[in-house]
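Colleague: Below: one structure in structure tokens.
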Amino acid sequence: MKKLVNYCSMIFLLLVATSQVKAQSVDVVIRENGTERKESIDLPKSMTYPLDSLLNDWKAKNYIDLGKDCSTAEINPLFSDSVYIDRLSRIPAVMEMPYNDIIRKFIDMYAGRLRNQVSFMLSACNFYMPIFEEALDAYGLPLELRYLPIIESALNPSAVSRAGASGLWQFMIGTGKIYGLESNSLVDERRDPIKATWAAARYLKEMYDIYGDWNLVIAAYNCGPGTINKAIRRANGETDYWKIYNYLPKETRGYVPAFIAANYVMTYYCDHNICPMETNIPASTDTVQVNKNLHFEQIADLCNVPLDQIKSLNPQYKKQIIPGDNKPYTLRLPIEAISTFIDRQDTIFAHRADELFRNRKTVAVKEISPSTRRATTAVAGKGKPTYYKIKSGDTLSSIAEKYGVRVKDIQRWNGMSNTKIAAGKRLKIYK
């Protein structure tokens, strides 16, 4: 327990929650000790994304067929609790997959009103699961964690929460920077599926080193380790997720059940008459290092790659600009375009550069001669200054005549750009 407290205190100072954002609520009837109670739980934000928003991604629009060979039925068969218990127990998982009324509610939601989203995510898995599994395996983490982005982003790489969490793994900007994800006005590596996945794997491993319990780890992924630590203290040191459940924020109470339900439905979707949407695997891609500033339109014009495809393959570049002058950055393109880019890169960098990169490196300020410079500040004259309070009816000409000076001298002494004066103001005059 001492190790837990020391580690958590350190991490709490460093990390912010990855995704604390209010969501829609669902009512759940909880049965315990022969009694029933009704509880309202905030849904994880991914469960509120409409299907249309998920299909806006370029990959989804170009490689997922909404209806082809898909036999997803409207009817969702209902099963007894004993069937769900048996199926969850047979999932080959290191992580605990228990069953209760709350988890049943989330299974019903995925297999019921969210079944079209599940059909989409089953297809999107073809794009992202190899990336997730490689990073998780490299860190020795349970592969069932590959379904965590289903809860975080519904496998939408462009997802951004109202709290500012971004990408498939929904990193907050501060947490992303701690784990090596660059964020500035032009680059946001939280949106890079590969870099963000490796950062998430490292984060999850470090959280497991602290808690030693995967349910607490993914709960901490949702609300931050500081919130988990508070719940543990309020529960008198209990470190079982289900024993600190009532001390957690409403969304986090639904987060672990939703994760277990996601593992269930991604394993047993056929039993609920859900099938994946037809997927055409994208063409192979490769990367090249970019050492100069480069705009996506320069690539699109000369490499015959659609602009939307370049954006989809390189989601970390927020303004379609790769700031290679700053440091080398990676560009991902279809493999057939890589050789074209390498062969023609000097031409590509020069193409429309003056038009697409408008920010100037230096700016000249032209010095204006004294004879043409408009006076903006008062200039001292010869002799001692006297001050004249302007009266109603005065003009600059009458005042100049009174003191035997020129109008333009009064203007110069007082920094005036015209001859307008106002009663009550004072003029400095040298005699």
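The values are calculated or read from the model by the stated rules, or taken from the named source; none is laboratory data. Since we're looking at a predicted model, the values are computed, not measured. Cβ: placed from backbone, ideal geometry, glycine included. Neighbour counts: every protein chain shown. These accessible areas exclude ligands, DNA and RNA; they are computed on the full protein's heavy atoms, side chains included. Shrake-Rupley method; radii C 1.70, N 1.55, O 1.52, S 1.80 Å.
Colleague: Filter the stretch 76-91 for residues that are assigned to a loop (DSSP other than H, G, I, E, B) and either within 36 Å of the chain's Cα centre (by Cα) or not assigned by the TED database to the domain that holds residue 275 (or both) and give the result.
Modeller: Matches in the stretch 76-91: 76, 90, 91.
Colleague: Kindly establish whether residue 299 is surrounded by 19 or more Cβ atoms within 10 Å (Cβ to Cβ) and under 24 Å from the mean Cα position of the chain (by Cα).
Modeller: No, not satisfied.
Colleague: If the Cβ limit is 8 Å and pairs must be 6+ apart or interchain, which residue in the stretch 176-190 that is touching a residue at least 60 places away in the same chain (Cβ under 8 Å) and β-branched (Val, Ile, Thr) pairs with which residue that is in a loop (DSSP other than H, G, I, E, B) and open to solvent by less than 20 Å² (accessible area, probe 1.4 Å)?
Modeller: Between residues of the stretch 176-190 that are touching a residue at least 60 places away in the same chain (Cβ under 8 Å) and β-branched (Val, Ile, Thr) and residues that are in a loop (DSSP other than H, G, I, E, B) and open to solvent by less than 20 Å² (accessible area, probe 1.4 Å), the close pairs are 178/15; 187/316.
Colleague: Test of understanding: among 232, 228, 218, which residue is under 24 Å from residue 172 (Cα atoms) and over 29 Å from the mean Cα position of the chain (by Cα)?
Modeller: Just one listed residue meets the conditions, 232.
Colleague: List every residue pair whose Cβ atoms lie under 6 Å apart, where the two residues are 6 or more positions apart in sequence or sit on different chains, the first residue falls within the stretch 59-75 and is at pLDDT 75 or above, and the second residue, located anywhere, is part of a loop (DSSP other than H, G, I, E, B) and open to solvent by less than 60 Å² (accessible area, probe 1.4 Å).
Modeller: Cβ pairs passing all conditions: 63/282; 64/277.
Colleague: Pick from the stretch 355-379 the residues that are at pLDDT 65 or above and basic (Lys, Arg): which of them is farthest from residue 294 (Cα to Cα)?
Modeller: 366
Colleague: Kindly state which helices (runs of 4 or more DSSP H) lie completely within the stretch 95-165 and contain at least 3 residues that are assigned by the TED database to the domain that holds residue 274, surrounded by fewer than 22 Cβ atoms within 10 Å (Cβ to Cβ) and out of contact with any Gly (no Cβ under 9 Å at 6 or more places or on another chain).
Modeller: Where helices (runs of 4 or more DSSP H) fall fully within the stretch 95-165 and carry at least 3 residues being assigned by the TED database to the domain that holds residue 274, surrounded by fewer than 22 Cβ atoms within 10 Å (Cβ to Cβ) and out of contact with any Gly (no Cβ under 9 Å at 6 or more places or on another chain), they are 101-111, 115-138.
Colleague: Mind telling me which of the residues 383, 424, 404, 415 ends up being modelled with pLDDT under 90, on the phi > 0 side of the Ramachandran plot and surrounded by 12 or more Cβ atoms within 10 Å (Cβ to Cβ)?
Modeller: 415
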